[in-house]
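Asks: First, the structure itself, so that you have it in front of you.
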Amino acid sequence: MNAAVREATAPDPQGSGPVAPALVVSGLGKSYGGVRAVDDISLTLGAGERMGVIGPNGAGKTTLFKMIAGDVSPTDGRVELFGRDVTAVPTARRARMGVGRTFQVSNLFREMTLLDNVRVAARGGTSGARVFWRPQGRRDDVTMRSLETLESVGLADRRDDTVAALSHGEQRQLEIAMALVGRPRILLLDEPAAGLSSAERATLRQRIEQLPRTIPILLIEHDMSLALGLTDRVMCMENGRHVVTGTPAEVRAHETVREIYLGRRDRKDRM
Ligand code: ATP
């Protein structure tokens, strides 16, 4: 068993019993008509662990992510968060349980400032979620927490700019801030580097590396070098199926993975 998973299932020092892994996916599958987008995928993400899911176009990564986040209902299998079966629990309730996530298609309010975007996200994660957003003073708790979170992703000095003024890479950093401000117990990142230049990727990689190790992270990523560089364990999928799970070094050396990423099947991907 992986060390992080072992730690996650070890007895809690406070004596309140074993701590459940952050995420357990068992036999998960999704069919669209005759297409088996995800087929019998299982994984465990322990406390503080960072796991990557890689695979070529159409491997089923996004469908898997959406089933974990609650956007898509599985055809088969089960998703557990923090020891609770959430397979039938809607996205908003999963968010309230502590799931922070980013979106492949940007979810930002382009004409609003960075600070206001993060404040809206912060309100979505609290019991005040149903209160409509309105501009507020600079010193309330939500604003202070939003400023701290912007600082943690390196965007504090841009707080009064509108999203429209940000580069693509900065928008991705803002999305991570919006996922973090609700103080998530698990972070799901959906292809955060998609469409970024190599300089923007390097900055994003640094930001993700600097996130608190206490938050377990599941990173779905097409860019293999990013996924392998940021995670403790990696799962590779192809055509909806599991290929291999292992340390980044094990996955990099795996024959099928090498064939997928370096061989004739998908030359566009990088290793
Ligand atoms: P990419 O890296 O290109 O985003 P992916 O690994 O995320 O690919 P998915 O988007 O999960 O792969 O797609 C897996 C398979 O399921 C593909 O064959 C895709 O066409 C199919 N698929 C995904 N969503 C749907 C849908 N809503 N309806 C029908 N087929 C779908």
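The values are calculated or read from the model by the stated rules, or taken from the named source; none is laboratory data. Keep in mind that what you see is a predicted model, and the values were worked out from it rather than measured. In this analysis, Cβ positions are derived from the backbone assuming ideal geometry, glycine residues included, and neighbour counts consider all displayed protein chains. We work out accessible area using only protein heavy atoms, side chains counted, and drop any ligands, DNA or RNA first. Shrake-Rupley method; radii C 1.70, N 1.55, O 1.52, S 1.80 Å.
Asks: For segment 164-271, give the share of DSSP beta bridges that are antiparallel, in percent and rounded to the nearest 5; count only bridges with both residues there.
Replies: If I count the DSSP bridges inside segment 164-271, around 55 percent turn out antiparallel.
Asks: Calculate how many DSSP beta bridges within segment 28-261 are antiparallel, expressed in % of all such bridges and rounded to the nearest 5.
Replies: 45 percent
Asks: Ranked by accessible surface with a 1.4 Å probe, highest first, in what order do Phe82, Phe103 come? Could the numbers behind the result be given before it?
Replies: On the way: Phe82 40, Phe103 70 Å².
Largest to smallest exposure gives the sequence Phe103, Phe82.
Asks: Heads up, I need the accessible area for Val251: 1.4 angstrom probe, whole protein in place, Å², nearest 10.
Replies: About 0 Å², rounded to the nearest 10.
Asks: Hey, another quick one. Looking at segment 44-84, I'd like the Rg to Rh ratio, where Rg is from alpha-carbon atoms and Rh is Kirkwood's inverse mean 1/r.
Replies: Across segment 44-84, the Cα-based Rg/Rh ratio is 0.98.
Asks: Accessible area per residue, 1.4 Å probe, Å², for segment 28-261: what's the number?
Replies: Per residue, segment 28-261 has an accessible area of 44 Å².
Asks: For a quick check of understanding: with a 1.4 angstrom probe and all protein chains in place, what accessible area in square angstrom does Arg50 have, to the nearest ten?
Replies: Answer for Arg50: close to 10 Å² accessible.
Asks: Please report the base-10 log of the normalised intensity I(q)/I(0) for segment 28-261, using a Debye sum with one equal scatterer per alpha carbon and no solvent, at each q in 0.13 (1/Å).
Replies: -0.78
Asks: Net charge near Thr91, counting Lys/Arg +1 and Asp/Glu -1 over other residues with Cβ under 11 Å of its Cβ? Kindly include the intermediate steps, with their values, before the conclusion.
Replies: On the way: positive: Lys66, Arg93, Arg94, Arg96, Arg101; negative: Asp71.
Net charge around Thr91: +4.
Asks: Would you list Ser167, Ser73 from the most to the least accessible area, probe 1.4 Å? Could the numbers behind the result be given before it?
Replies: Values: Ser167 45, Ser73 80 Å².
If we order Ser167, Ser73 from most to least accessible, we get Ser73, Ser167.
Asks: Let me ask something additional. Contact order normalised by length for segment 28-261, with contacts defined as Cα pairs under 8 Å and 6 or more residues apart; what percent is it?
Replies: On the way: 412 pairs, mean separation 72.7, N = 234.
31 percent.
Asks: Ok, one more. Arrange the residues Thr63, Thr245, Thr143 by how much accessible surface each exposes, largest first, with a 1.4 angstrom probe.
Replies: Details: Thr63 25, Thr245 55, Thr143 0 Å².
Largest accessible area first, the residues go Thr245, Thr63, Thr143.
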